[in-house]
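Accompanying notes for the structure given below.
None of the figures in this text is laboratory data; all of them are computed from the coordinates on show. What you are looking at is a predicted structure, and each value in this text was computed from that prediction instead of being measured. We place every Cβ from the backbone using ideal geometry, glycine too, and count neighbours over all the protein chains shown.
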Amino acid sequence: MATHPTRRRYLTAATALACLAAGCGGDGGDGGDGAPGPDDYPLIDQWLTETEIGGADETYDGTFTDRRGQDTVTVDVGTEGNGGNFAYAPSALVVSTGTEIRWNWTGEGNPHNVEALPEEQLGESDYEFSSGEAEGGSGVKYTRTMDQAGIALYHCEPHFALGMKGGIGVE
Ligand SMILES: [Cu+2]
């Protein structure tokens with residue numbers, strides 16, 4: 001039967017073309033291993049890299065920290081980066097719906113706060129919240145349960161221009 005090899009070749013070529021279009025086995029975006037990346041969250045990627053609304057977060061290298069399936073996740077506030085202790089860690093994060101985020105002040109580079117204000121950001125954030133006035137010292141905490149699928153884009157008001165920004169994808 002000559003039809004089988006012919007058909008197989010056709011399917012192989014079609015698969016290769018589909019991979020060219022979709023980027024199969026790409027450069028770390030998702031690579032097919034299920035890890036979330038910039039391709040999954042282009043608005044978070046844009047938020048952390050653009051410089052027209054606040055600064056770019058120099059601690060972001062295109063890597064998203066995957067904390068899906070966990071009840072609580074801690075984000076440190078005031079970690080090294082952006083010219084001082086003006087970063088969140090991790091700044092790019094993916095969690096599951098229902099996860100409680102605990103922002104935990106390191107006490108460095110303060111005062112800081114945590115603000116998700118859609119009208120001041122890209123206009124695309126699904127979350128609006130604020131820890132209130134910037135506070136200094138260690139031991140300050142702010143918690144928020146991520147109760148809907150979507151994205152949260154947030155920043156530190158005093159260090160916005162320096163790139164102290166964070167983004168959370170909620171699945
Ligand atoms: Cu700050």
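Observations, loosely collected:
- Net dipole in debye of the range 42-170 [+1 Lys, Arg Cβ; -1 Asp, Glu Cβ; about Cα centre; nearest 20]: 420 debye
- Using a simple spin-label model with pseudo-atoms 7 Å out from Cα toward Cβ, Ala35 and Thr51 lie 2.8 nm apart.
- Residue-span extension gain [Thr145 to Asp126] - 0.36 nm each, minus C-alpha spacing: 5.5 nm
- Cα-based shape type of the range 42-170, given that a ≥ b ≥ c are square roots of the gyration tensor eigenvalues and the cut on a/c is 1.5: rounded
- In order along the range 141-151, phi translates into HN-Hα couplings of 9, 9, 10, 8, 8, 8, 9, 9, 5, x, 10 Hz, rounded to whole numbers, per the Karplus curve 6.51 cos²θ - 1.76 cosθ + 1.60 with θ = phi - 60° and x for Gly and Pro.
- Residue order, fewest to most beta carbons within 10 Å, for Leu48, Leu117: Leu117, Leu48
- In Hz, Karplus ³J(HN,Hα) per residue of the range 82-96 (6.51, -1.76, 1.60; θ = phi - 60°; x = Gly, Pro): 6, x, x, 9, 10, 9, 9, 9, x, 8, 10, 9, 10, 9, 9
- Summing +1 for each Lys or Arg and -1 for each Asp or Glu among the other residues whose beta-carbon sits under 12 angstrom from that of Ala152 gives -3.
- Per-residue Cβ neighbour counts within 10 Å put Ile101, Ile151 in the sequence Ile151, Ile101, beginning with the fewest.
- Distant-in-sequence amide contacts of Gly163, defined by a placed amide H-H separation under 5 Å and a gap of 5 or more residues or a different chain, comprise Gly55.
- Most to least packed among 81-90, 138-147, 51-60 [average Cβ atoms within 10 Å]: 81-90, 51-60, 138-147
- For Ser131, net neighbour charge (Lys/Arg +1, Asp/Glu -1) across residues whose Cβ lies under 13 Å away: -2
- Simple spin-label estimate for Glu171 and Thr74 in nanometres, 7 Å along Cα-Cβ: 2.5 nm
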